[in-house]
1. I need the full set of residues from segment 60-80 which are free of Cβ contacts under 8 Å to residues at least 40 places away in the same chain, in a strand (DSSP E or B) and within 13 Å of residue 49 (Cα to Cα), in order please.
2. Could you say whether any residue in segment 178-194 is closer than 30 Å to residue 90 by Cβ and either surrounded by 11 or more Cβ atoms within 10 Å (Cβ to Cβ) or touching a residue at least 40 places away in the same chain (Cβ under 8 Å) (or both)?
3. Being within 30 Å of residue 145 (Cα to Cα), in the same structural domain as residue 142 (by TED's automatic domain parsing) and either at pLDDT 90 or above or not in a loop (DSSP other than H, G, I, E, B) (or both): is that true of residue 118 here?
4. Could you count how many residues in segment 136-151 are closer than 30 Å to residue 184 by Cα and either surrounded by 14 or more Cβ atoms within 10 Å (Cβ to Cβ) or out of contact with any strand residue (DSSP E or B) (no Cβ under 7 Å at 6 or more places or on another chain) (or both)?
5. In segment 121-135, which residue that is under 14 Å from the mean Cα position of the chain (by Cα) and closer than 13 Å to residue 146 by Cβ is surrounded by the most Cβ atoms within 10 Å (Cβ to Cβ)?
6. Which residues, taken from segment 65-88, are within 19 Å of residue 144 (Cα to Cα) and surrounded by 12 or more Cβ atoms within 10 Å (Cβ to Cβ)?
7. Could you grab me the full set of residues in segment 207-224 that are surrounded by 15 or more Cβ atoms within 10 Å (Cβ to Cβ) and either in contact with a helix residue (DSSP H, G or I) (Cβ under 8 Å, 6 or more places away or on another chain) or more than 26 Å from residue 152 (Cα to Cα) (or both)?
């Protein structure tokens, strides 16, 4: 049985903890009471009945990412609240300009760990290989995962020109980035961006500015984004 003082301290601690971790769960109205926990059984949900020193019956329960484990060992009933579980509501943490970080994260060993090639949406741990990158969806604030190969894309393609050929569409129709990330060479000599060539979608167009394209010229396009 909890004393009134201990119950108040425990309740305040629980409120502060759950307010930090799942601050966007239900904050108004009544939360539906879960079924009473049967003392002596092991469960991860349910309502724990406590009585303060005035005889008032109260219930404690958890939801939305907080797991509760109730068990009995050596005739002592213990209920433990712990971080980890299924989110039942959209959850946001407003750091309000404060630092929110995680310590103890391991670095990827590039010698033995490769970017994932089989990651799937909403997959659980252990169902894929390699690593992905966590990113933020700015429209919703949601944390999502991104294939490492989608973070940085690059390409290179060489063409053998015909006389006066100016347009060079890239194989696979990749969307080319801005001039600062596209390099074009004619017979090994670098052309000047937006002067000697232009970029539109997946096509590089040469501008015969003080030069002419001859049959057999090698035009090379490199890009990274």
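1. Passing the criteria: 70, 77, 78.
2. no
3. In short, yes.
4. Number satisfying all stated conditions: 3.
5. 132
6. 65, 85, 87, 88
7. Within segment 207-224, 213, 217, 223 qualify.
The values are calculated or read from the model by the stated rules, or taken from the named source; none is laboratory data. Note that the structure is a prediction, hence the values are computed from the model and not measured. Note that we place each Cβ from the backbone using ideal geometry, even for glycine, and neighbour counts take in every protein chain shown.
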